1. Of all residues in the stretch 106-144, which are farther than 16 Å from residue 324 by Cβ and assigned to a helix (DSSP H, G or I)?
2. Quick one: how many residues across the stretch 57-100 are open to solvent by 10 Å² or more (accessible area, probe 1.4 Å) and either outside any loop (DSSP other than H, G, I, E, B) or within 30 Å of residue 378 (Cβ to Cβ) (or both)?
3. State all residues of the stretch 327-364 that are among the charged types (D, E, K, R), surrounded by 19 or more Cβ atoms within 10 Å (Cβ to Cβ) and touching a residue at least 24 places away in the same chain (Cβ under 8 Å); if no residue qualifies, say none.
4. Does residue 399 meet the test of being of a type outside the set (Ser, Thr, Tyr), closer than 23 Å to residue 124 by Cα and open to solvent by 10 Å² or more (accessible area, probe 1.4 Å)?
5. Kindly indicate the residue of the stretch 182-198 that is part of a loop (DSSP other than H, G, I, E, B) and touching a strand residue (DSSP E or B) at 6+ places or on another chain (Cβ under 6 Å) and also surrounded by the fewest Cβ atoms within 10 Å (Cβ to Cβ) among those meeting that condition.
6. Just the residues that are closer than 21 Å to residue 24 by Cβ and at pLDDT 65 or above, please, taken from the stretch 208-232.
Amino acid sequence: MSGANVSPTGRNDQVMMIFKKAIPRRTFIRGIGATLALPLLDGMIPAFAAPEKPVKRLSIVYVPNGRIMQRWTPKEVGANFDLPTLLEPFAPFRDHLLVLSGLCLNIAKAWPGEEVGVHERPCGAYLTGVHPKWTDGADILNGISLDQLIGKEFGKHTQLASLEVAMDSAGIIGACEKGWSCAYINTLSWRTPTTPIPMENNPRRVFERLFGDVGSTDPAVRSAMLRRNNSILDSLSEATGDLVKRLGPNDRTKVSEYLDSIRDIERRIQIVEQQSPRELPSLARPAGVPATFQEHAKLMYDLQVVAFQADLTRMSTFMIGREKTDRAYPEIGIPDAHHPLTHHAGDREKIEKVVQIEALQSRMFAYYLERLKSTPDGDGSLLDHLIVTYGGGISEGNGHSVINLPLVLVGGGGGALKGGRHITFPKDTPIANLYLTLLEKLGIPVENFGDGNGKLDLLSV
């Protein structure tokens, strides 16, 4: 017994260790101006306890201005389908991929007497299933959005009920098209029928919402904190070191990789902030917003990944762009504004440019999926324990159609989804039926949502 660590009672202390109290699941490390939640660690699961059920999560990614549907929709239905150009980047995730065709947003069609609003109505109705009120005044009226309904329930267990982020700024305010309020295209999220939630496009502000704890909204206070600490993690280093000493090798690796991810995100934000004043006029975009679409998209996706990893939230909503976005893509040789290009009127050159833009957006979404797939979560990955929707409220941008919307679901959802298939639904099936189905799978069953009239079978088809 010379090599054993034996207690006076004759019992092996190494055996006794497994009966010690586990680290609380909601463990936070606090420093000066920062609060850090930890990801799920082995040490948070008591010995001999049944494996924790994966938490349920939903991520919504919205793409604007429709798609070139001939390059999006698979020709075959069922499991044996080829991936068209705009779905090709999702090939590595085919087993997690569910392509849905035929869903519509009829509730967003113009009512008698309404003028235009061909972008405002679909965007406003996308997550509410409600026809927005035609107004450019303060009397906006919509419905409670899916993400906020879910966030209200999931927020009982997390620091943030939901996360609302975007690529475009909310610079458009007041009236948009023919008296339609810009509130309907600046956000997808509605806390109440009269309360739209702003979408944050600045990575720094999203980062501080997740990890900052300055206790002040004064920019000078925040700047002083950043000067004291090269990284928001610096003030946490001592507490983090003390914690790591108590962890096993596997958990030490998890914490190290998690901290590396956060530090990398912050480093990239700092680089953007240093370059912003030199590269662009002060009014071109807020400081801290990257110049290229790829840089910006990757940062916003990475922020969502770490938010899920640390269980800071279980609901995120991300607008790749608002409807009618005029973002140009010079980094891929397209200096033209996106929205006018979608009104191609059959012009092949314009169509090909739109396809390039949409393919880039698909590649960035594939980047997000890869990050989710490579991030451990319990007995699997974040992708295994998450449902992600990717699509928009308009199908063919040239005609502003709200029939046969472009939409894919990706993820495992804890066994709630059966991927690797292309499903088509009967004509006039509202997208709200999908939301009723997702609410049920997420453990939040409701009888009615928007213009929904039933649930969808996503497992046996």
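1. Across the stretch 106-144, the qualifying residues are 106, 107.
2. Of the residues in that region, 13 qualify.
3. Once the filter is applied, which keeps residues that are among the charged types (D, E, K, R), surrounded by 19 or more Cβ atoms within 10 Å (Cβ to Cβ) and touching a residue at least 24 places away in the same chain (Cβ under 8 Å), the stretch 327-364 yields only 358.
4. Taking the combined requirement at face value, the residue satisfies it.
5. Among them, the one singled out is 197.
6. Listed by number, the residues that qualify are 210, 211.
Residues are listed down the side, and each one gets a yes or a no for (1) within 30 Å of residue 210 (Cβ to Cβ); (2) without any contact (Cβ under 8 Å) to a residue 12 or more places away in the chain; (3) surrounded by 22 or more Cβ atoms within 10 Å (Cβ to Cβ); (4) of a type in the set (A, V, I, L, M, F, W, C):
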site: 110; (1), (2), (3), (4): no, yes, no, yes
site: 121; (1), (2), (3), (4): no, no, yes, no
site: 133; (1), (2), (3), (4): no, yes, no, no
site: 136; (1), (2), (3), (4): no, no, no, no
site: 141; (1), (2), (3), (4): no, no, no, yes
site: 153; (1), (2), (3), (4): yes, no, no, no
site: 161; (1), (2), (3), (4): yes, no, no, yes
site: 167; (1), (2), (3), (4): yes, no, yes, yes
site: 170; (1), (2), (3), (4): yes, no, no, yes
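Residues checked against (1) aromatic (Phe, Trp, Tyr); (2) assigned to a helix (DSSP H, G or I); (3) buried (at least 16 other Cβ atoms within 10 Å of the Cβ); (4) modelled with pLDDT of 80 or more:
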site	(1), (2), (3), (4)
239	no, yes, no, no
255	no, yes, yes, yes
258	yes, yes, yes, yes
261	no, yes, yes, yes
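The values are calculated or read from the model by the stated rules, or taken from the named source; none is laboratory data. Everything quoted here is computed from the prediction, not taken from an experiment. Glycine gets a Cβ as well: all are built from the backbone with ideal geometry, and neighbour counts include every protein chain shown. Each accessible area value is taken on the protein alone, full model and side chains, heavy atoms only, with ligands, DNA and RNA left out. Shrake-Rupley method; radii C 1.70, N 1.55, O 1.52, S 1.80 Å.
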